[in-house]
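What follows draws every value from the coordinates through simple rules; no lab data is involved. Quick caveat: nothing in here was measured; it's all calculated off a predicted structure. Cβ atoms come from the backbone with ideal geometry, glycine included; neighbour counts cover every protein chain shown.
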């Protein structure tokens with residue numbers, strides 16, 4: 001559905017995007033991940049035709065965005081980083097304008113109503129956009145992208161600046177939209193991609209550092225797992241026992257966090273699941289395990305590891321970089 | 001294109017700009033008109049009114065065009081225009097025609113002034129009509145220049161002031177051109193002088209070359225606007 005080949009863009013001497021290639025299949029939700037300034041927005045702007053690439057091509061459903069922009073743009077719904085809202089208009093005025101701008105031919109009233117109901121903005125339809133909260137504005141931005149029912153949806157950091165409840169709502173919405181649309185979701189929040197995306201492309205400094213199925217990527221970089229365990233028992237002995245458990249790399253006390261238990265941070269060796277032996281150990285000693293949670297891996301972790309691996313790859317095998 | 005045209009047209013009257021422009025146009029024009037014809041008790045001085053109007057246009061018309069592209073760029077709303085299935089030419093024309101419509105509507109309302117003349121005297125109708133045609137074309141060219149300058153900057157104020165300066169320069173350039181020795185430069189400067197091209201209209205001549213001059217001035221400015229926007233996508 002989306003085919004990107006060797007896309008490049010420089011601003012002066014700075015290579016913002018340096019030869020990016022990937023594909024998104026029909027019905028797939030692709031997570032487009034990278035730290036700030038990695039070239040995410042630039043890439044998305046080139047795919048949507050807002051910027052022109054120095055070289056390379058971006059095809060939407062077989063149509064090159066530079067060769068036949070009008071046809072290609074008809075298939076794209078785009079939510080930029082800053083939602084492009086005319087704040088002096090009401091929500092419905094604005095959506096009607098976008099409807100006309102895109103030359104949409106679906107039944108107007110019904111189509112707009114459906115969209116407003118999907119993104120839950122029907123109740124603010126007659127309010128001025130400038131009086132809306134950030135969460136509502138973001139949703140109006142998403143509504144705008146949905147008009148005309150485009151095959152491809154591209155969201156550039158859609159949950160930035162929203163409160164946790166809104167973030168979950170928007171994520172669920174994107175997941176739901178994924179049933180009927182092909183989606184590229186750019187973000188720098190890892191749980192977001194984990195929750196929503198089928199596949200992840202990670203970029204750094206304008207280059208792709210990973211392009212894998214979400215699960216594969218998480219497992220691959222998540223080889224050593226950090227756990228936080230809440231255990232009731234004598235601190236020194238527990239620590240000693242933990243450290244002597246097979247597969248444990250490090251174990252440290254985090255101190256008392258509630259009345260009777262002590263929390264410990266346990267890091268396992270690569271690709272070893274220590275949860276079962278840990279349970280057996282504690283059960284054997286008669287120390288109740290009252291809490292165990294995995295530390296969520298954030299983008300920085302993944303990122304550091306990917307970049308680290310990249311460094312190693314240069315001397316040896318080239319496994320991770322490139323297109324699947 | 002029509003969607004953009006309609007949005008801009010509405011936007012003029014959702015914000016104070018449309019009202020400010022219409023109000024100032026009608027008040028200032030009415031005052032000058034009263035001074036130069038009714039108070040002077042003569043219809044022969046109507047030419048003076050039109051000369052004043054040129055200067056007023058140079059200052060007022062940038063109000064209509066200043067925000068058209070600069071504001072879109074600043075608030076990043078241009079992203080929706082440039083990623084929608086519309087050509088850049090369509091965007092530029094939509095915006096230009098919206099500004100032209102507000103200008104033309106106010107201009108028509110302003111023409112009521114001339115009706116008064118016929119009530120109190122016997123003015124030369126063809127002279128007035130030719131002047132109206134000429135000054136309308138001049139206004140249309142000023143609008144296109146304003147649009148071009150709006151596409152260059154993100155700041156409305158800079159867009160407005162630079163458009164006023166360019167318009168004023170084009171009005172005054174004939175004064176400088178007269179004092180230039182080199183024939184080449186004199187010709188070049190004269191080409192930019194919108195004043196020189198206005199002379200046939202005041203003489204009640206339907207000068208096709210003057211009409212084409214104003215239209216092509218507007219066309220060049222609009223074309224350059226599309227180039228400015230296109231170029232920004234590449235840099």
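By how many nm would the segment from residue B:161 to residue B:187 grow when fully extended, if each residue of separation counts as 0.36 nm and the alpha-carbon distance is taken off?
On the way: separation 26, 0.36 × 26 = 9.36 nm, distance 2.70 nm.
Extra length from residue B:161 to residue B:187 when fully extended: 6.7 nm.
Taking each residue in B:82-92, count the Cβ atoms of any other chain within 10 Å of its Cβ, then average. What number comes out?
Values: counts 9, 17, 16, 14, 6, 2, 1, 0, 2, 1, 0.
Average per residue, whole number: 6.
Between residue B:209 and residue A:87, take the C-beta separation as r, use R0 = 56 Å, and let me know the FRET efficiency to the nearest 0.05.
Numbers: r = 46 Å, r/R0 = 0.81.
It comes to 0.80.
How well do other chains shield peptide A:42-52, expressed as the mean number of their Cβ atoms within 10 Å of each residue Cβ?
Counting Cβ atoms of other protein chains within 10 Å of each residue's Cβ and averaging gives 3.
Using only Cα atoms, tell me the angle between helix A:164-177 and the longest principal axis of chain A; keep it within 0 to 90° and round to the nearest 10.
Between the helix axis and the principal axis of chain A, the angle is about 60 degrees.
Given contacts defined as C-alpha pairs under 8 Å and at least six residues apart, what's the relative contact order of the stretch B:2-229, whole-number percent? Provide the component values of the computation, followed by the final result.
Working: 256 pairs, mean separation 62.1, N = 228.
Relative contact order, the stretch B:2-229: 27 percent.
For the residue pair residue B:40 and residue B:125, what label-to-label distance in nm results when each label sits 7 Å from Cα along the Cα-to-beta-carbon direction?
2.3
Restricting to DSSP H runs of at least four residues, report the calculated mean residue ellipticity at 222 nm for the protein assembly as shown, -39500 (n - 2.57) per run over all residues, nearest 500 deg cm²/dmol. Show your work: numbers first, answer last.
Values: 22 runs with 302 residues, N = 559.
It lands at -17500 deg cm²/dmol.
Relative to the first principal axis of the alpha-carbon coordinates of chain A, what is the inclination of helix A:91-101, with its axis defined by its Cα atoms, in degrees from 0 to 90 and to the nearest 10?
Rounded to the nearest ten degrees, it is 60.
Mind checking the angle between helix A:235-244 and chain A's longest principal axis? C-alpha axes, 0 to 90 degrees, to the nearest 10.
Between helix and principal axis, roughly 80 degrees.
Comparing B:61, B:117, B:149, which has the greatest mean-square fluctuation in the GNM of chain B with Cα pairs linked when under 10 Å apart?
Largest GNM mean-square fluctuation: B:117.
Provide A:267, B:8 in ascending order of the number of other Cβ atoms located within 10 Å of each residue's Cβ, fewest first.
On the way: A:267 15, B:8 20.
Ascending number of Cβ neighbours within 10 Å: A:267, B:8.
Over what distance in Å are the Cα centres of the stretch B:1-64 and the stretch A:65-143 separated?
Cα centres, the stretch B:1-64 to the stretch A:65-143: 35 Å.
Within a 10 angstrom radius of the beta carbon, how do A:237, B:72, A:93 rank from fewest other beta carbons to most? Write down the numbers at each step before the final one.
Details: A:237 11, B:72 23, A:93 18.
Exposure proxy ranking, most exposed first: A:237, A:93, B:72.
As an exercise, use a Förster radius of 30 Å and the Cβ-Cβ distance of residue A:3 and residue B:87 to find the FRET efficiency, rounded to the nearest 0.05.
0.80
With each label point set 7 Å from Cα along the Cα-Cβ vector, what nm distance links residue A:276 and residue A:134?
With each label placed 7 Å out from Cα toward Cβ, I get 4.5 nm.
Debye calculation, C-alpha points only, no solvent: report log10 I(q)/I(0) for chain B at q = 0.08, 0.17 Å⁻¹, in the same order as the q values.
-0.32, -1.25
Express in nm, to one decimal, how much length is gained between residue A:11 and residue A:205 on full extension, taking 0.36 nm for each residue of separation and deducting their alpha carbon distance. Spell out each step's value before the answer.
Details: separation 194, 0.36 × 194 = 69.84 nm, distance 1.31 nm.
Additional length available on full extension: 68.5 nm.
Which residue fluctuates most in the GNM of chain A (Cα springs below 10 Å): A:108, A:165, A:127?
Comparing A:108, A:165, A:127 in the GNM, the peak value goes to A:165.
Could you work out the mean count of beta carbons from other protein chains within 10 Å of each residue's beta carbon in B:64-76? Mind showing how you got there, number by number?
On the way: counts 0, 0, 0, 0, 0, 0, 0, 1, 2, 0, 0, 5, 7.
The mean count of partner-chain Cβ atoms within 10 Å per residue comes to 1.
If one computes the Cα centroid of the stretch B:133-178 and of the stretch A:171-197, what distance in Å separates the two points?
Here the answer is 48 Å between Cα centres.
If each residue's Cβ is checked for other Cβ atoms within 10 Å, how do A:252, A:260 rank with the fewest at the top?
Numbers: A:252 13, A:260 10.
By the 10 Å Cβ count, ascending, the order reads A:260, A:252.
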